[in-house]
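The values are calculated or read from the model by the stated rules, or taken from the named source; none is laboratory data. Just so it is clear, the structure is predicted and the values come from calculations on it, not from any experiment. Counting neighbours? That spans all protein chains shown, and the Cβs are built from the backbone with ideal geometry, glycine included. Accessible surface is based on the protein model in full, side chains and every heavy atom, while ligands, DNA and RNA are left aside. Shrake-Rupley method; radii C 1.70, N 1.55, O 1.52, S 1.80 Å.
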Amino acid sequence: MAEPALDALIDSLRRLPGVGVKSAQRMAFHLLQHDREGAQRLAVSLQSAVAHLRHCERCHTFTESAVCSTCLDASRDARLLCVVENPADQAALERTGSYRGMYFVLMGRLSPLDGVGARDIGLAQLIERAGGGVVEEVIVATNFTAEGEATAHVIGEALKSRGLRVTRLARGVPIGSELEYVDLGTIAHALVDRR
């Protein structure tokens, strides 16, 4: 016998990336059976996030204000602009503590097969932001997937034609790894990009 409320919860959890039917069921049953307080907190947090978070007018990351705290931080180097695919990538770079410039969050990547083009990722806004006379270097930090590489190429060409210095994140062999266990593509790129 199906329970509509349970089915709706499972279906909602399945919307999360990487969550299939069994994982969604497991989560739903756990929350209902062992952590109803956590389920309530999750529901309230989701409602609050949806109601209060929006995109920063300058960089497009999520914020509760018109402009995010990173864009308002006067101690950051406005001459550097790092382009990332999504807020999770921005958060990863921030956790390193090694980058103190500004960001532009694409909220995606080019994917012609999925109908995602330059307009969908805000390329025009990026060009406008980078071309304002303050930015000296744009660091393209898209992922090293086929779509990320295509996105990086299009961004690079568009910005270089406007006289901006465009760099790309380095890629190579991870620290602490052994060559025999590293994939061949990574080794090949590390050889080409050696310094």
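Quote the accessible area belonging to residue 121 in square angstrom, nearest 10, computed with a 1.4 Å probe and with ligands, DNA and RNA left uncounted.
10
Show me the trypsin sites (Lys or Arg not before Pro) within the range 38-112 that DSSP assigns to loop and that have at most 16 other Cβ atoms within 10 Å of their Cβ.
Numbers: sites: 41, 54, 58, 76, 79, 95, 100, 109; in loops: 58, 76, 100, 109.
Of the trypsin sites (Lys or Arg not before Pro), the ones in loops of the range 38-112 whose Cβ has at most 16 other Cβ atoms within 10 Å are 76, 100.
Let me know the charge dipole size of the chain about its Cα centre in debye, to the nearest 20, where only the beta-carbon of Lys, Arg (+1) and Asp, Glu (-1) is charged.
Details: 22 positive and 24 negative charges, 76 e Å.
Computed charge dipole of the chain: roughly 360 debye.
For the charge dipole of the chain, defined by +1 on Lys and Arg C-beta atoms and -1 on Asp and Glu C-beta atoms about the Cα centroid, which residue among 13, 47, 153 has the Cα displaced farthest towards the positive pole?
153
Rounded to the nearest whole Å³, what is the per residue volume of the convex hull around the Cα atoms of the range 61-131? Write out the running numbers ahead of the final one.
Numbers: hull volume 7.3 nm³, N = 71.
Normalising the Cα hull of the range 61-131 by residue number yields 103 Å³.
Any chance you could give the angle, 0 to 90 degrees and rounded to 10, that helix 87-96 forms with the longest Cα principal axis of the chain?
Here the helix axis deviates by roughly 70 degrees.
Among bridges DSSP assigns within the chain, what percent are antiparallel (round to 5)?
Roughly 20 percent of the beta bridges in the chain run antiparallel, per DSSP.
What accessible area, in Å² to the nearest ten, does a 1.4 Å probe give for residue 120?
Counting only protein heavy atoms, the figure is 90 Å².
Could you list the GluC sites (Glu not before Pro) in the range 97-170 that lie in coil according to DSSP, counting only those with at most 14 other Cβ atoms within 10 Å of their Cβ?
136
For the chain, report the % of Cα-Cα distances exceeding 27 Å.
Values: 8817 of 18915 pairs.
In whole percent, the long-distance tail amounts to 47.
Where the accessible area of the chain is counted over protein heavy atoms with a 1.4 Å probe, how much of it, in %, is carbon and sulfur? Could the numbers behind the result be given before it?
Details: 7130 of 13010 Å².
Exposed carbon and sulfur together represent 55 percent of the surface.
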